Amino acid sequence: MLNINNIRSQFPILHQQVNGKPLVYFDNAATTQKPQRVIDALNKYYTLDNANIHRAAHTLASRSTEYFEQTRKAIQQFINAKEDAECIFTKGVTESINLVAQSWGRKFLQAGDEVVITTMEHHSNIVPWQMICEEKGAILKVIPINDAGELLMDEFEKLLSPKTKMVACVWVSNALGTINPVKEIIEKAHAVSAKVLLDGAQACSHLEVDVQALDCDFLTISSHKLYGPTGVGVLYGKRELLDAMPPYQGGGEMIKEVTFAKTTYNEIPFKFEAGTPNIADVIAFKYALDFVNELGKPAIAKHEDELLRHFVNGINEIHGLKLVGTASQKVSVQSFVLTNMHHFDVGMMLDAKGIAVRTGHHCTQPLMQCFGLDGTVRASFAVYNTIEEVDILIESLRKLAK
């Protein structure tokens with residue numbers, strides 16, 4: 001059983017007042033807070049180790065390179081990749097998806113080919129595919145959902161054909177909390193020889209991840225939704241795919257040899273890591289992964305599920321409050337609307353009580369249109385949240401509804 005008080009003591013930001021009230025932070029799907037060890041790692045790097053990596057023989061550069069590559073190995077273990085070279089550092093999930101769309105898509109998509117996404121995608125898994133489809137003359141298709149916010153898998157099967165080249169699917173919806181049946185999606189996509197990219201931005205902080213067991217072709221990871229720093233993402237890709245893809249950006253690090261006549265490119269992962277990376281934050285990300293590993297994903301998920309159940313049971317009694325996203329398989333994310341109030345007003349009134357939630361379309365405008373909404377209020381829970389905090393939110397919503 002998790003000691004939540006001990007866990008909370010590791011997060012300095014939680015121990016403050018906002019608008020005269022103790023902070024209740026329920027915006028974890030947007031970004032999680034950082035434990036002290038992550039903050040200390042950033043401070044240590046800039047205090048003791050600051051140097052560019054991979055490029056110098058001096059001690060500071062050697063240390064920085066070692067710490068940087070330790071994070072890559074930690075990610076390999078975290079997702080069970082075959083080798084650490086399959087883990088590419090980016091600045092976030094958005095860049096990871098753009099990398100695949102621009103590099104893989106530019107080489108392998110042709111006019112008339114089809115890319116399949118879902119109704120519940122974040123804009124970062126819609127717009128890059130729209131852009132490359134428009135450029136290549138490919139066709140973008142969308143898997144519909146039911147009223148609970150679950151994919152209609154029968155309709156998905158109807159969309160698949162020999163023309164399907166990529167299925168780009170969110171594993172866990174940031175707006176609804178829905179856990180999609182990605183293993184089944186991957187198997188059905190592979191049956192027509194399509195590749196599969198999983199947007200793991202929300203999934204990786206809640207669910208066990210094993211890319212070899214899933215057999216996904218690509219997976220994207222966000223540090224800042226995993227108790228790590230902002231500005232760091234990861235693209236996992238199978239080696240044979242990454243080797244076949246052209247570089248996404250040109251510059252230092254991604255080259256073997258440069259002449260004015262011709263440039264030869266480096267091996268993976270460096271082929272896709274042009275320029276000086278976000279060294280400090282990558283190094284600190286390992287400490288966030290250590291934090292999650294020490295607690296254990298099953299224990300984290302159990303606690304978060306309890307928070308979600310308690311919240312849903314508590315607000316079900318509130319007249320005029322409607323849940324948005326009621327899938328049978330969910331993580332600890334719940335969207336809702338109050339019928340007599342605009343979602344932005346709800347968020348502002350909760351903020352006055354020190355409660356941080358997210359309001360708006362959550363970068364999922366097509367999903368909101370599907371539900372006939374311009375936005376929702378979203379509460380998202382993390383391992384450091386408590387039942388007592390959930391009760392504060394429930395009581396505040398009860399008062400607002402009146």
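The values are calculated or read from the model by the stated rules, or taken from the named source; none is laboratory data. Keep in mind that this is a model prediction, so the values were computed, not measured. Virtual Cβ from ideal backbone geometry, glycine too; neighbours counted across all protein chains shown.
Annotations for the structure displayed:
- Pick from the range 346-359, criterion in contact with a strand residue (DSSP E or B) (Cβ under 7 Å, 6 or more places away or on another chain) and not in a loop (DSSP other than H, G, I, E, B), ranking: nearest to V390 (Cα to Cα): I355
- Within the range 223-240, residues that are over 18 Å from L42 (Cβ atoms) reach partners that are modelled with pLDDT under 95 and assigned to a loop (DSSP other than H, G, I, E, B) with beta carbons closer than 7 Å, at six or more positions or on different chains, in the pairs R239/I268.
- Tally of residues being touching a residue at least 60 places away in the same chain (Cβ under 8 Å) and not small (G, A, S) across the range 148-170: 2
- Filter pass, G314 being assigned by TED's automatic domain parsing to the domain that holds P12, more than 30 Å from L42 (Cβ to Cβ) and in a helix (DSSP H, G or I): yes
- Note on the range 102-130: residues that are among the hydrophobic types (A, V, I, L, M, F, W, C) and either within 19 Å of V232 (Cα to Cα) or not assigned by TED's automatic domain parsing to the domain that holds E155 (or both) amount to 0.
- Some residue of the range 233-249 being under 23 Å from I39 (Cα atoms) and buried (at least 23 other Cβ atoms within 10 Å of the Cβ): yes
- Screening V337 with (1) closer than 30 Å to L295 by Cβ; (2) touching a residue at least 40 places away in the same chain (Cβ under 8 Å); (3) part of a strand (DSSP E or B) gives one miss only, at (1).
- Per the listing E135, E150, the residue uniquely among the acidic types (D, E), under 26 Å from T359 (Cβ atoms) and surrounded by fewer than 23 Cβ atoms within 10 Å (Cβ to Cβ) is E150.
- Matching residues, the range 377-402, being out of contact with any helix residue (DSSP H, G or I) (no Cβ under 8 Å at 6 or more places or on another chain) and under 23 Å from N293 (Cα atoms): S380
- From L241, L226, residue being at negative phi and in contact with a Ser or Thr (Cβ under 9 Å, 6 or more places away or on another chain): L226
- Single match in H362, H319 (criterion: of a type outside the set (A, V, I, L, M, F, W, C), assigned to a loop (DSSP other than H, G, I, E, B), touching a Lys or Arg at 6+ places or on another chain (Cβ under 7 Å) and not assigned by TED's automatic domain parsing to the domain that holds V182): H362
This table checks each residue for (1) modelled with pLDDT under 95; (2) within 20 Å of the chain's Cα centre (by Cα); (3) not in a helix (DSSP H, G or I).
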| residue | (1), (2), (3) |
| --- | --- |
| I75 | no, yes, no |
| F78 | no, yes, no |
| I88 | no, yes, yes |
| Q102 | no, yes, no |
| G105 | no, no, no |
| M120 | no, yes, yes |
| S124 | no, yes, no |
| C133 | no, no, no |
| E157 | no, no, no |
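- Options A194, A148; residue that is over 25 Å from A29 (Cα atoms), touching a Ser or Thr at 6+ places or on another chain (Cβ under 6 Å) and not acidic (D, E): A194
- F285 being within 23 Å of the chain's Cα centre (by Cα) and of a type in the set (A, V, I, L, M, F, W, C): yes
- Restricting attention to the range 258-283 and to residues that are under 29 Å from T47 (Cα atoms) and without any contact (Cβ under 8 Å) to a residue 60 or more places away in the chain, the residue that is surrounded by the fewest Cβ atoms within 10 Å (Cβ to Cβ) turns out to be G275.
- Exactly one residue out of N5, N28 is within 20 Å of F381 (Cα to Cα), crowded, with 17+ Cβ neighbours inside 10 Å and not aliphatic (A, V, I, L, M), and it is N28.
This table checks each residue for (1) in contact with an Asp or Glu (Cβ under 9 Å, 6 or more places away or on another chain); (2) buried (at least 16 other Cβ atoms within 10 Å of the Cβ); (3) of a type in the set (F, W, Y); (4) assigned by TED's automatic domain parsing to the domain that holds C216.
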| position | (1), (2), (3), (4) |
| --- | --- |
| P35 | no, yes, no, no |
| N50 | no, no, no, yes |
| E66 | no, no, no, yes |
| A74 | yes, yes, no, yes |
| A85 | yes, yes, no, yes |
| I88 | yes, yes, no, yes |
| G92 | no, yes, no, yes |
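- Residue check: N293 meets all listed conditions (1) surrounded by 13 or more Cβ atoms within 10 Å (Cβ to Cβ); (2) closer than 28 Å to A81 by Cβ but one, namely (1).
- Among the residues making up the range 365-380, those that are assigned to a loop (DSSP other than H, G, I, E, B) and either of a type in the set (S, T, N, Q) or out of contact with any strand residue (DSSP E or B) (no Cβ under 8 Å at 6 or more places or on another chain) (or both) are G372, D374.
- Residue pairs meeting the criteria (Cβ under 8 Å; at least 6 apart or on separate chains; first under 16 Å from K399 (Cα atoms), in the range 340-364; second of a type in the set (F, W, Y)): I355/F26
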